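What follows is a single structure, written as structure tokens, with notes after it.
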Amino acid sequence: MLQLKYEQFLTKPSTQKTATMSQLLLVRHGQASFGKADYDQLSVQGGQQATWLGEHFDSISLDADLIVSGSLKRHQQTKANMLSTWSTNVDQKTMPDWNEFDFQQVVASYLSLHPNEKPSKNEPKEFFRLLKDALGAWSRDELSDALPESWLQFRERVARALEETMAHSANRIIVVSSGGTISVALGLVMDLSPEKIIDLNLQTRNTGVSEVFFNKKARYVAGFNSVPHLLHPERKKSITSA
């Protein structure tokens, strides 16, 4: 499995940024409401994770020119909680192209073909096993044509979001989005296979931060899935992936 460093942002902004490179920080939303009627709603812990991330950014005097987010509730709530503890005056923009794919419909489509693989327990571990199989089938175009998006259409949407975001004139841009969307964006930068993108997706932590440097000639991933704000001894139980 692809391994990337995540030690960035532990105490201060990365020193790798130069005058000719811009920085893109991709933030996954806080813990949502797994197993509840409305998944697209931050849990209490999810709101706290985002608040701590904002505190961390504030403590290292991180500045940004623009915050872009998807339009889903969990994206907007994560952004609001993060900004509540981060002393910054930053422009904001909502871009629905940064929204997550409809994972519930992808899983339902997969189960219609493989009903025996339905988990016996409503637990994250069981669901992620199922999700990996469903995403693999989706990426191979084995699921129903009735889905809102094919894998290729999702990939093209994320590519459009990435290009539009990077087109802004800025030193640092923060994007608040979801694990699948962020993983595809990183996969586009690194030219990863669907299998590797799915591996990344299943590793993403809530409020994990990934780092990309870019200009008109080049772009590269410098960090993946960092959670410095949750590494304090009393917070480590708050590291989640659902």
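At a glance:
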quantity: Two-site label geometry, S169 and K216: point separation in nm, points 7 Å out along Cα→Cβ; calculated: 1.2 nm
quantity: Theoretical ellipticity at 222 nm over the chain - DSSP helices of four or more residues, -39500 (n - 2.57) apiece, nearest 500; calculated: -12000 deg cm²/dmol
quantity: Length gained when the stretch V44-S87 is fully extended (0.36 nm per residue, less Cα-Cα span); calculated: 13.3 nm
quantity: Spatially near lysine pairs across the range 99-242, Cα under 18 Å, sequence gap of 8 or more or different chains; calculated: 4
quantity: Angle in degrees between helix 73-84 and the longest Cα principal axis of the chain, rounded to the nearest 10; calculated: 20 degrees
quantity: Gain in span if fully extended, R160 to H232, counting 0.36 nm per residue against the direct Cα distance; calculated: 22.2 nm
quantity: Linear extension gain, S150 paired with H114, 0.36 nm per residue minus alpha-carbon span; calculated: 11.1 nm
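None of the figures in this text is laboratory data; all of them are computed from the coordinates on show. Keep in mind it's a predicted model, so treat the numbers as computed, not measured. As a convention, Cβ positions derive from the backbone with ideal geometry for all residues, glycine included, and neighbour counts pool all protein chains shown.
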